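Structure first, commentary second.
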Amino acid sequence: MNLYLQFLLFTFAGWVNRHQQAVIEYLQAENQALREQLGKKRIRWTDAQRRRLAEKAKSIGRAALHQLGTVVTPDTLLHWYRQLVAAKYDGSKQRGPGRPPTKLDIVSLVVRMAKENPSWGYTRLRGALFNLRHEVARNTIKNILPAHGLEPAPERGRHTSWHTFIKSHFGAIAGADFFTVEVLRGFGLVRYCVFFVIDIATRRVHIAGITSQPSEAWMKQIARNLTDYVDGFLKQTRPLYTCAFRGMLKESGVNIVRLPSRSPNLNSYAERWIRSVRSECLSRVIPLGERHLRYLISEYLIHFHQERNHQGLDNRLIEPLAANTNSGKGIVRRRERVRGVLNYYYREAA
């Protein structure tokens with residue numbers, strides 16, 4: 001029994017001695033840290049000092065630290081210790097890279113298209129990239145443009161460089177709804193009426209006629225052309241106007257649907273095409289005569305059908321050419337119309 005008590009006494013004494021030694025070591029570490037702070041107006045603990053104090057404080061415990069009245073509170077010391085443990089198992093430095101960045105060739109292509117086409121927004125740029133077999137998200141394009149100092153389309157499209165403006169007039173200087181265009185002629189401005197028909201299903205547009213003096217006789221001839229049995233555009237369509245015009249369409253088997261006045265939403269497809277031809281072409285060029293106006297509209301029609309992506313058609317082309325299906329890795333080329341006002345990008349066949 002005496003031997004058992006002696007063993008307990010020796011064990012307790014050893015524990016007390018180790019505890020006192022731990023307290024002494026902590027106080028020594030604290031004194032050393034305070035000496036390192038001498039001459040400073042405010043105590044600023046370094047990471048190494050925090051580590052030493054936290055390691056010493058852990059072996060003492062919260063209750064003993066409260067009794068010692070340490071410079072740093074026990075909660076702070078134990079918080080430093082938890083940070084020390086967390087740092088030991090922190091594997092962030094061994095992690096691999098996250099989502100890979102966009103390829104540089106795609107980034108340069110987005111920047112190139114945005115600079116050469118100021119009115120193209122994120123969706124339009126995405127469609128043009130899809131034509132080149134690049135699947136790029138709208139948000140990716142949205143992040144690329146500001147990173148290269150490019151504004152969104154509404155702001156970017158308000159500025160036309162003199163270089164583009166002058167190039168667009170080279171050919172002229174040597175060259176179903178109505179919309180009007182003011183044409184600059186030798187004796188002043190002349191208002192021209194452009195009559196067009198749009199196929200809602202395919203978005204194909206047909207220019208029925210352009211004239212500065214619309215009349216009933218002119219409209220009758222337009223009706224004959226549109227309802228021609230062989231190549232009339234309105235063989236299976238439903239549009240507009242004047243009693244004689246409507247009468248000729250009815251005789252040809254075309255049903256007429258009359259819309260209330262001042263209700264553009266009821267003819268939204270036609271109104272949207274007017275907006276497109278104006279904003280993308282006519283508003284960026286000064287028509288110099290009827291011949292130049294016809295040239296501008298004909299060029300835009302080709303671009304609209306074969307080179308322009310349409311959101312209503314799942315951002316695809318109306319009449320994709322065979323070259324558009326090329327999946328090779330040829331050089332990306334730009335096809336210009338109206339001297340760079342209208343652009344289309346494709347891959348050169350290998």
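The values are calculated or read from the model by the stated rules, or taken from the named source; none is laboratory data. Every value quoted in this text rests on a predicted model; they were computed, and no experiment measured them. Heads up, the Cβs are rebuilt from the backbone with ideal geometry, glycines too, and the neighbour counts pull from every protein chain shown.
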For the stretch 297-311, what are the residues that are assigned to a helix (DSSP H, G or I) and either in contact with a strand residue (DSSP E or B) (Cβ under 9 Å, 6 or more places away or on another chain) or within 17 Å of residue 197 (Cβ to Cβ) (or both)? 297, 298, 299, 300, 301, 302, 303, 304, 305, 306
Picked from the stretch 79-111 (must be hydrophobic (A, V, I, L, M, F, W, C) and within 19 Å of residue 126 (Cα to Cα)), the residue farthest from the chain's Cα centre (by Cα) is 104
In the stretch 285-296, residues that are surrounded by fewer than 20 Cβ atoms within 10 Å (Cβ to Cβ) and not in a loop (DSSP other than H, G, I, E, B) total 5
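In the stretch 92-137, how many are polar (S, T, N, Q) and touching a strand residue (DSSP E or B) at 6+ places or on another chain (Cβ under 6 Å)?
The total comes to 1.
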Any chance residue 51 is out of contact with any Ser or Thr (no Cβ under 9 Å at 6 or more places or on another chain), surrounded by 11 or more Cβ atoms within 10 Å (Cβ to Cβ) and modelled with pLDDT of 65 or more: yes
Which residue, of 87, 114, is more than 26 Å from residue 330 (Cα to Cα), of a type in the set (Gly, Ala, Ser), assigned to a helix (DSSP H, G or I) and at pLDDT 70 or above? 87
